[in-house]
1. Being open to solvent by 30 Å² or more (accessible area, probe 1.4 Å) and modelled with pLDDT of 90 or more is true for just one of B:Trp354, B:Trp435. Which residue is that?
2. If you check A:Leu106 against the conditions, is it open to solvent by less than 80 Å² (accessible area, probe 1.4 Å) and in contact with an Asp or Glu (Cβ under 7 Å, 6 or more places away or on another chain)?
3. Looking at A:Ala55, is it outside any helix (DSSP H, G or I), within 12 Å of chain B (Cβ to nearest Cβ), in contact with a Pro (Cβ under 8 Å, 6 or more places away or on another chain) and modelled with pLDDT under 95?
4. For the stretch A:82-89, does any single residue satisfy the condition of being at the interface with another protein chain (Cβ under 10 Å from one of its Cβ atoms) and either among the acidic types (Asp, Glu) or closer than 30 Å to A:Leu34 by Cβ (or both)?
5. Here is a list: B:Leu281, B:Leu300. Which entry is over 17 Å from B:Asn375 (Cβ atoms), touching a residue at least 40 places away in the same chain (Cβ under 8 Å) and in contact with an Asp or Glu (Cβ under 9 Å, 6 or more places away or on another chain)?
6. In the stretch A:36-52, which residue that is open to solvent by less than 60 Å² (accessible area, probe 1.4 Å) and within 19 Å of A:Gly116 (Cα to Cα) is farthest from the other protein chains (Cβ to nearest Cβ)?
7. For the subset of the stretch B:311-330 comprising residues that are touching a strand residue (DSSP E or B) at 6+ places or on another chain (Cβ under 9 Å) and not in a helix (DSSP H, G or I), which member is farthest from B:Phe280 (Cα to Cα)?
8. So, of the residues in the stretch B:302-323 that are open to solvent by 10 Å² or more (accessible area, probe 1.4 Å) and within 25 Å of the chain's Cα centre (by Cα), which turns out to be farthest from B:Ile249 (Cα to Cα)?
Amino acid sequence: MAAATDDAGDSNEMIRVVSSDGEHFEMPEAAANLSLVLRHMIEDDCADAAGIPLAVVAAKPLAKIVDYCTKHAAKSSGLTIEEAEELKRFDAEFIEVDTDMLYDLLVAADFMGVEGLSKLAVQRTADLIKGKTPEQNRETFGIVNDFTPEEEEEICKENEWAFQITKPPSRLC
Amino acid sequence: METSPPRRKQRPPSPEGDPDDLAAAAGASLDSLPEELLENIVSRLTLRDAVRTSAVSQSWSRRWESTPDLRHYWPRRSRPGAIGAALARYSCKVCQFCTWGIRSEAFPHIDEWLPLLAAKGVQCITLSFWDYSDVNVEYYTLHPAIFACGQLTSLHLERCFLPTAPEGFAGFPNLTMLSLVYVGLPENGERKLEAIIRMSPSLVSLELNNVEVTDDDFDSWIIQAPNLARLTIISDIDYGWEIQELPSIQEANINSEDYSIDRDFVRLLTCLAEVRELEFLMPYTEGNALEGISCSFQKLRSLTLHTNFYTASSILSTFGLLMRAPNLKLLEIEITYHENQSDEVDIDFLNALWTNSLFANLDFVSMKSASCWSNEMCFIEFVLSKARVLREFYIYHDDTGSYSKPREEAIIELAKYKRASPKAMVFFRDMEDTWLYS
């Protein structure tokens, strides 16, 4: 977990959250505010020393999310071009995770209402799908092929144009 | 950073939790994710990638069809059958439908696409019939269902005929962008175009680029678009359009090789007085085309003028505009109509037009297709002597014709001109160089 920075917002108060498997985390209030759910809890005075319980977020993804929010809250407004690029680099490295972590982040960011992270994880997943054959996508994402060979052939024939990916786009037909 | 409200309903966090959710989140397959998330992922794909997911598994086989916001982009030479089939299967609203290089064999298919697009609430349509390998192909007349696409926000058509709007056409209430490029209109086309524009009250951007009104004899007609911010009218012939005052106008490009003989240019430019960027082909008239203009172009920062300095009246017309644009920073002049310089003016003639605010903020000037005859040189000398904050003046010499002053002569002369701005630099280039830098 990244160290919380002092310039993370007007409020220096730390917010405690608890993962589904009982681990405690801390982040500055400005970072917690990036989560719609946490923001509402803070506004409703539900943030106390015991920490806000996050029933469906396990410690591993929660550590990442705290890391993400802390980084983004510290660099929130009035970004210089260099800072914006640094944040982009941070995002790119941050989302280089295996598919299990990616699914966890997708679900957790969606649940906690962290919009920036949701977009980042959704885009990462879409990028992994791009340009791949159905078989490659099954392998990447652990999906079982439950088509009969006839069904699969039929589906490919229905939208034949979409499966001709090996041909160069400039080809004249 | 403020988080904006989520697009979906948020579940409240419950301390008890749901063990099923936990198990799902820890699952090893993309399929364990909720349907909404999967749709969100698919909506980020190109149509081709999205359609290809249909062959992954049963649960994926129809997902793309019900994924909102997929953009239907079809590059040149896409198979028309594929376009129609994908459109027919897609069950959501179509936000964008774009296809380029449509060839004649696709024409029968388009008659099927347009009613489908109308039924699917299409918002943006781009249909371009430019096919560079087959330029002689006949113009295709669009299916009247184009007028049933009542949810359109953007419509861009290239090289086709627009049919007559059917009785009861309800307008395009949400249309903000209308762009017609080499589009032909039916009989009384100017009236029909007038009605389409009038019935699109949200229009912000209008481009009429070589729209063909087939009538020889047309009345004047009015472009009624009170919210217009960008207006482009480019055509060989003037087909009688008039504009009203455009209080929100920011960018305008008015360029007709052959304006109507009775066009009122003072009125036209007065309607455009709020522009920030203007491109304008100055008419070739006997007298000063802008005689009596009284408005001021306070917001005008960038001006591209197609004009010349061959007659006193064209110089006066040009100054009629320049003198009323005190905040002009960027001036580009393209010399039009190469012909003899019939009046010769000297620096005193231009000095008599001087006002204190003329060129006061001018930072950059270019003059393209310059013959460097005496009037042009005089203008260059005048600008250099008056523009106090000028930084760059580019002269692109037209050396294709035998009419131009030889470049060596022009350069020697230019070097002698006094510069009011200590930072001013003058660059002399050949016309071919404009290709290099543009």
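1. Being open to solvent by 30 Å² or more (accessible area, probe 1.4 Å) and modelled with pLDDT of 90 or more holds for just one of B:Trp354, B:Trp435, which is B:Trp354.
2. Details: open to solvent by less than 80 Å² (accessible area, probe 1.4 Å): yes; in contact with an Asp or Glu (Cβ under 7 Å, 6 or more places away or on another chain): no.
Judged against the criteria, A:Leu106 is not a match.
3. Here the answer is yes, as A:Ala55 does meet what is asked.
4. no
5. It is B:Leu281.
6. Among those residues, the one meeting the criterion is A:Leu38.
7. Our first condition is that a residue be touching a strand residue (DSSP E or B) at 6+ places or on another chain (Cβ under 9 Å); within the stretch B:311-330, this holds for B:314-315, B:317-318, B:321-322, B:325, B:328-330.
After this cut, where a residue has to be not in a helix (DSSP H, G or I) as well, the list is B:325, B:328-330.
Numbers: B:Ala325: 14, B:Leu328: 15, B:Lys329: 16, B:Leu330: 14 Å.
Restricting to residues being touching a strand residue (DSSP E or B) at 6+ places or on another chain (Cβ under 9 Å) and not in a helix (DSSP H, G or I), the top hit is B:Lys329.
8. For the stretch B:302-323, the residue satisfying everything is B:His306.
The values are calculated or read from the model by the stated rules, or taken from the named source; none is laboratory data. Keep in mind that this is a model prediction, so the values were computed, not measured. Heads up, the Cβs are rebuilt from the backbone with ideal geometry, glycines too, and the neighbour counts pull from every protein chain shown. Side chains included, ligands, DNA and RNA excluded: accessible areas come from the protein's heavy atoms. Shrake-Rupley method; radii C 1.70, N 1.55, O 1.52, S 1.80 Å.
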